Every structure is written in C-alpha cells, then in structure tokens.
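Enquirer: Would you mind keeping the following structure in view while I ask a few things?
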Amino acid sequence: RDNIHTFDGASPNQTWYLSVRDRASGDVGYIDFFEMWVTYESNEPPIAPYNEDPSVGATGVSRTANLDWNCSDPNSDTIYYTVYFEKNSTPNNIIKSDSTGSYADPGTLDYSSHYYWQVKADDHNGGVTWSPVWDFSTEAEPVVDGQITGVSLDRKSVV
C-alpha cells in the first residue's frame, strides 16, 4: 500500500499507461495475487445561473431588493457563488464571494438608478460557469405633492 497515487487528468490523446514494479530487494518470493482498481470520473461544470430576480431590464425595482437566481450542477456538487455588482457599468464590485446560497444582498440601492450584476458558479472541482450580465433599474424617489389645509375646530367639551 505504498506509493498509491491519484491522477487528475489524462494525456492529450486520452491514453493512460500503467507501470507496475516489484520494489522488494532480493529474491523474496512471488506475487500470489495482484488487484488494481481504476476509477475515472469526469466533472461537468454547473449549469449557467438562470431565472434571475430582478429579471433582465426590470424597472421600478425596490431599493431593498435582494438578488436571486437558480443554478444546478450535473454532478450534484456543492456550488459556490461569487456575485459581481455595479451601478451604471460592467459589474466589477464583488458583493458575495465564494459562498453557497443562490442569493445576494446588495444593500440599500439609490433611487432611479441602473444596476448591473453577474454570477460566477464554481463547483470547486474545476467546473466554473458564468451567468450573462443582468441589469435592472430601481424605483423613482417618491414625490410628495401635498397641500396643507387649515381646519378650525370648536372648542366644546366632549361628553
């Protein structure tokens, strides 16, 4: 059981070579039984994140909205997400880094602003997939258009 190794990859032509050597010194006997198990597993990357909320091009989005999406992995690997978020340009600011859970809290956003976001899904087994860049616009600042009306009340006692 010494010199047991794992190999993560294959040669360019997908050929594997096995070499077995008797490492005992001198003439000490013979091998009565030899068994070797070779397993090969290929990793598939996660499905690209989809079903984003807020949806692409959404308007009037609440300033306190969270970002949500769906994602799965064909190998049932745990998926770790990094979320990039930015106001008015390509998303470069990381608001969630290498964490599980398909949601992110960008904090309280500005009124009447355009935001862009993107999700990187990583299965930590060599599979990485990116979502498209998504965008949305937040709600406008409420306009208070009120009138003050004076009301005169009689000062009579109430029974």
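Rule-based calculations on the coordinates, nothing more; no lab input. Since the structure is predicted, the reported quantities are computational estimates derived from the model, not experimental observations. Methodologically, a virtual Cβ is constructed for each residue, glycine included, from the backbone with ideal geometry; neighbour enumeration extends over all protein chains shown.
Enquirer: List the residues, sorted by chain then number, that are 5 or more residues from residue 61 or on another chain and whose placed amide H is less than 5 Å from its amide H.
Expert: HN-HN under 5 Å from residue 61: 137, 138, 139.
Enquirer: Give me the net charge for the shell around residue 49: Cβ to Cβ below 13 angstrom, other residues only, Lys and Arg +1, Asp and Glu -1.
Expert: Taking every Cβ under 13 Å from that of residue 49, the sum is -4.
Enquirer: Which whole-Hz ³J(HN,Hα) couplings does the stretch 126-142 yield from phi under the Karplus relation 6.51 cos²θ - 1.76 cosθ + 1.60, θ = phi - 60°, glycine and proline marked x?
Expert: The phi angles translate into x, x, 10, 9, 10, 6, x, 7, 9, 9, 7, 10, 8, 4, 6, 5, x Hz.
Enquirer: Could you run the Karplus curve 6.51 cos²θ - 1.76 cosθ + 1.60 with θ = phi - 60° over the stretch 91-106 and give me ³J(HN,Hα) per residue in whole Hz, x for Gly and Pro?
Expert: Running phi through 6.51 cos²θ - 1.76 cosθ + 1.60 with θ = phi - 60° gives x, 10, 7, 7, 10, 8, 10, 6, 10, 7, x, 8, 7, 8, 9, x Hz.
Enquirer: Tell me which residues come under 5 Å, amide H to amide H, from residue 75 once H is placed; ignore anything under 5 positions away on its chain.
Expert: It is 44, by chain and number.
Enquirer: So, one more: Could you tell me the extents of the stretch 74-159's C-alpha atoms along the three principal axes, largest first, rounded to whole Å?
Expert: Taking max minus min along each principal axis of the Cα atoms, the stretch 74-159 gives 81, 35, 18 Å.
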